[in-house]
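K.L.:
A single structure is presented below for examination.
The values are calculated or read from the model by the stated rules, or taken from the named source; none is laboratory data. Just so it is clear, the model here is predicted, and its values are computed rather than measured. Here Cβ is always computed from backbone atoms with ideal geometry, including for glycine, and neighbour counts include all displayed protein chains.
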Amino acid sequence: MSEAFDIRDILHAAGGRPHDLIGILQTVQERFGHIPPAALPAIARHVRMSPGEVFGVLSFYPGFSLRPPARHVCEVCLGTACHVRGGAAVAESFGRALGVSPGEASSDGGVELKTVNCLGCCAIGPVLRLDGRIEARMTPSSARDLALGLGTDGRKT
């Protein structure tokens, strides 16, 4: 395993049973920003599970990621209120501007586009959250402009 992803201290401090897996995955993700695929065999051995079982658990929960986070993360709300006000068109327009689909990151890792079930901002929808900041009453045009303002490499222009 790469020294950049050394998890021995995490495993040493954690329990070694299958029910300890979620806590271990959370700690690894907190440290590295994602779950490095190279860490899966060591985690699996530690909790006495197969790497496939560990992968099944981490792929079930949307809060875990196997890839490093993008510089910018855009989450478009598709909850009922946002959906009926055009949330899907907002997501599509943002993604088209950067050449990504929901669940993908741009090829350079600059921007990741996600859709979520609810951001809790129903009265001001459709909304998207870009790097933790809520953008209200979005339209496909305003979403495109916001995406283009990030530039192709994810840097704000």
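K.L.:
Is it true that Arg45 is surrounded by 14 or more Cβ atoms within 10 Å (Cβ to Cβ), free of Cβ contacts under 8 Å to residues at least 24 places away in the same chain and not polar (S, T, N, Q)?
P.N.:
Considered against the rule, which asks whether it is surrounded by 14 or more Cβ atoms within 10 Å (Cβ to Cβ), free of Cβ contacts under 8 Å to residues at least 24 places away in the same chain and not polar (S, T, N, Q), Arg45 comes out as yes.
K.L.:
Continuing with this model, one more query. Here are some residues: Phe64, Phe55. Which one is more than 30 Å from Met138 (Cα to Cα), in contact with a helix residue (DSSP H, G or I) (Cβ under 8 Å, 6 or more places away or on another chain), surrounded by fewer than 19 Cβ atoms within 10 Å (Cβ to Cβ) and not aliphatic (A, V, I, L, M)?
P.N.:
The conditions single out Phe55.
K.L.:
On the given criteria, is Pro126 buried (at least 17 other Cβ atoms within 10 Å of the Cβ), under 24 Å from Pro62 (Cα atoms) and under 15 Å from the mean Cα position of the chain (by Cα)?
P.N.:
The answer is no for Pro126.
K.L.:
Checking Ser101 against (1) under 24 Å from Ile22 (Cα atoms); (2) within 16 Å of the chain's Cα centre (by Cα), which test does it fail?
P.N.:
Result: Ser101 passes all but (1).
K.L.:
Take the residues in the stretch 1-39 that are part of a loop (DSSP other than H, G, I, E, B) and charged (D, E, K, R), then tell me which one is farthest from Gly109 (Cα to Cα).
P.N.:
Of everything passing the filter in the stretch 1-39, Arg17 is farthest from Gly109 (Cα to Cα).
K.L.:
Take Arg133 and tell me if it is out of contact with any Asp or Glu (no Cβ under 6 Å at 6 or more places or on another chain), in contact (Cβ under 8 Å) with a residue 40 or more places away in the chain and surrounded by fewer than 17 Cβ atoms within 10 Å (Cβ to Cβ).
P.N.:
Spelling it out, it is not the case that Arg133 is out of contact with any Asp or Glu (no Cβ under 6 Å at 6 or more places or on another chain), in contact (Cβ under 8 Å) with a residue 40 or more places away in the chain and surrounded by fewer than 17 Cβ atoms within 10 Å (Cβ to Cβ).
K.L.:
Can you find even one residue in the stretch 89-96 that is over 24 Å from Leu25 (Cβ atoms) and touching a His at 6+ places or on another chain (Cβ under 6 Å)?
P.N.:
No, every residue in the stretch 89-96 fails to be over 24 Å from Leu25 (Cβ atoms) and touching a His at 6+ places or on another chain (Cβ under 6 Å).
K.L.:
Then there is this: Ala13 is checked against (1) surrounded by fewer than 13 Cβ atoms within 10 Å (Cβ to Cβ); (2) small (Gly, Ala, Ser); (3) under 18 Å from the mean Cα position of the chain (by Cα) and fails just one. What number does that condition carry?
P.N.:
Exception for Ala13: condition (3).
K.L.:
Checking Gly110 against (1) surrounded by 20 or more Cβ atoms within 10 Å (Cβ to Cβ); (2) closer than 17 Å to Gly132 by Cβ, which single condition isn't satisfied?
P.N.:
Only one criterion is unmet by Gly110, namely (1).
So that you can scan it fast, the table gives a plain yes or no per residue for (1) within 14 Å of Cys82 (Cα to Cα); (2) modelled with pLDDT of 95 or more:
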{"site": "Gly103", "(1), (2)": "no, no"}
{"site": "Ile124", "(1), (2)": "yes, yes"}
{"site": "Arg137", "(1), (2)": "yes, yes"}
{"site": "Pro140", "(1), (2)": "yes, yes"}
{"site": "Asp145", "(1), (2)": "no, yes"}
{"site": "Lys156", "(1), (2)": "no, no"}
